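Novice: Attaching a single structure in structure tokens format; questions to follow.
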Amino acid sequence: MRRWIVLAIIAIAIVVAGFSLLEPTAAGELAASAILPEVGSDSSGFARAVEPYDWQFPEDYGAHPEFQTEWWYYTGNLADENGRRFGFQFTIFRRAISPDSVDSASEWRSNQIYMAHFAITDVEGGEYLHGQRFSREGADLAGATCSPRCEIWVENWMVQALNEEATSTQITASNDGYALNLNLRQTKPPALQGDHGLSAKSDVPGNASYYYSLTRLASEGSITIGDQVFEVTGFAWMDHEFSTSALGSGALGWDWFGLQLDDDRELMLGQIRLVDGGIDPNFGGILVQPDGSTRYLPASAVTIHSTATWTSPHSGGVYPAAWEISIELGEDAPLRLQLMPLMADQELYGGGITYWEGAVAISGDATGYGYAELTGYVDSMTGRF
């Protein structure tokens with residue numbers, strides 16, 4: 001559902017995209033010019049998500065530059081052999097400055113801006129380590145391609161396919177004091193969200209994204225924190241969305257949950273909170289069965305109730321900090337779950353938009369682990385997307 005947070009890119013686009021662009025002169029010399037491309041919210045000329053999409057994998061693991069906004073979002077819950085638990089988030093965002101392709105002799109010029117977020121939750125150590133990077137697509141500083149193999153990167157933070165089908169991938173990223181090196185293997189096919197991948201965010205046609213999830217990626221590798229290296233295993237979740245003007249005008253923010261149950265089922269649940277205090281009825285969820293088959297969950301079938309709050313010492317934002325969730329499954333008995341963060345402070349702050357993104361434990365009618373994302377509690381999303 002997520003991640004129109006990519007518009008934080010706009011705040012830094014002057015530096016990344018438009019400052020001192022290099023162009024060759026008629027004599028073949030390089031000349032610098034401070035040309036700032038238009039980085040406003042105009043979405044005219046971009047493709048929109050208005051009808052079900054004809055998915056073709058592995059090609060659709062790559063970029064869709066005809067749409068204004070796109071992201072590849074990985075989260076996971078991991079543990080070492082002693083049971084020490086970690087969570088991670090690794091997200092790469094793409095934002096198009098204009099719908100027109102770039103025709104320039106300079107390899108630096110690009111109409112595509114990229115941003116990446118990378119965070120590690122060390123539960124036992126009580127640390128939440130997070131950082132971000134920005135870059136332009138030019139000069140191969142960032143990008144997303146599936147030719148010959150899929151690769152998405154911002155500088156040396158990257159996801160690389162390990163086979164032609166891109167069913168096996170590797171994440172590598174390092175920041176000051178922490179790093180992740182993780183191999184991921186698909187155990188289920190892509191789960192198409194909404195109507196065959198068309199995920200509506202309001203009742204206005206085009207306020208939607210194309211959205212699929214890889215809901216159970218068997219994971220193994222290492223996490224480095226300071227001078228300690230932890231060999232870890234577990235499961236990751238991947239979301240890939242692309243869209244233009246997805247949110248409705250009355251959206252305030254959203255609560256999103258990617259849940260991996262111990263019985264080999266997964267749930268994507270979410271709600272778009274409105275300025276008037278209501279919930280948008282157009283956005284639903286999905287239940288993924290052990291065999292990979294999916295069941296759409298309309299908003300009316302899901303009740304999400306916050307049972308505790310946490311106040312951030314960094315931003316002052318007041319976030320939900322525990323949840324009771326009830327899911328109506330037709331003739332089957334309702335599925336009732338309780339969620340609890342593995343650590344209270346998992347807030348990403350210091351960038352363009354402040355939000356909470358963290359690992360949670362699941363109890364109730366089923367057990368497991370998952371991730372939650374909470375936006376609009378510090379910075380309103382109204383009118384941003």
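Novice: What is the one condition in (1) surrounded by fewer than 17 Cβ atoms within 10 Å (Cβ to Cβ); (2) among the hydrophobic types (A, V, I, L, M, F, W, C); (3) under 26 Å from D263 (Cβ atoms) that V318 does not satisfy?
Specialist: Going through (1) surrounded by fewer than 17 Cβ atoms within 10 Å (Cβ to Cβ); (2) among the hydrophobic types (A, V, I, L, M, F, W, C); (3) under 26 Å from D263 (Cβ atoms) one by one, V318 breaks only (3).
Novice: Related question: Criterion first (under 30 Å from D54 (Cβ atoms) and more than 23 Å from the chain's Cα centre (by Cα)) does P313 satisfy it?
Specialist: no
Novice: Check A191, A200, A166, A173 and return the single one that is at pLDDT below 95, of a type in the set (A, V, I, L, M, F, W, C) and crowded, with 18+ Cβ neighbours inside 10 Å.
Specialist: The conditions single out A200.
Novice: Here's something else I'd like to know. Here is a list: L217, L180. Which entry is at pLDDT 95 or above and closer than 30 Å to Y296 by Cβ?
Specialist: None of the other options fit; the residue is L217.
Novice: Follow-up question, since we're still on this one. If the Cβ limit is 7 Å and pairs must be 6+ apart or interchain, which residue in the stretch 338-363 that is touching a residue at least 12 places away in the same chain (Cβ under 8 Å) and over 30 Å from D264 (Cβ atoms) pairs with which residue that is small (G, A, S) and assigned to a loop (DSSP other than H, G, I, E, B)?
Specialist: Short answer, once both residue conditions are applied: E347/S312; E347/S315; Y349/S315; T354/S315; T354/G317.
Novice: Anything in the stretch 274-296 that is at pLDDT 90 or above and either in a strand (DSSP E or B) or at positive phi (or both)? List them, or say none.
Specialist: G285, I286, L287, V288, G292, T294, R295, Y296, listed by residue number.
Novice: If I filter the stretch 127-152 down to residues being part of a helix (DSSP H, G or I) and touching a Phe, Trp or Tyr at 6+ places or on another chain (Cβ under 8 Å), which single residue comes out as surrounded by the fewest Cβ atoms within 10 Å (Cβ to Cβ)?
Specialist: If we take residues in the stretch 127-152 being part of a helix (DSSP H, G or I) and touching a Phe, Trp or Tyr at 6+ places or on another chain (Cβ under 8 Å), then A139 is surrounded by the fewest Cβ atoms within 10 Å (Cβ to Cβ).
Novice: Okay, next question. With surrounded by fewer than 20 Cβ atoms within 10 Å (Cβ to Cβ) and over 19 Å from the mean Cα position of the chain (by Cα) as the only criterion, which of E124, E155 stands out?
Specialist: Of the residues listed, the single one that is surrounded by fewer than 20 Cβ atoms within 10 Å (Cβ to Cβ) and over 19 Å from the mean Cα position of the chain (by Cα) is E124.
Novice: Of all residues in the stretch 283-301, count the ones that are more than 20 Å from the chain's Cα centre (by Cα) and of a type outside the set (D, E).
Specialist: 12
Novice: Say whether the condition of being within 30 Å of G358 (Cα to Cα), among the β-branched types (V, I, T), surrounded by 15 or more Cβ atoms within 10 Å (Cβ to Cβ) and modelled with pLDDT of 95 or more is met by at least one residue in the stretch 3-25.
Specialist: no
Novice: Quick one: in the stretch 53-101, of everything that is touching a Ser or Thr at 6+ places or on another chain (Cβ under 6 Å) and not in a strand (DSSP E or B), which residue is surrounded by the most Cβ atoms within 10 Å (Cβ to Cβ)?
Specialist: The extreme case among them is Q68.
The values are calculated or read from the model by the stated rules, or taken from the named source; none is laboratory data. What you see is a predicted model, and the numbers here were worked out from it, not measured in a lab. Here Cβ is always computed from backbone atoms with ideal geometry, including for glycine, and neighbour counts include all displayed protein chains.
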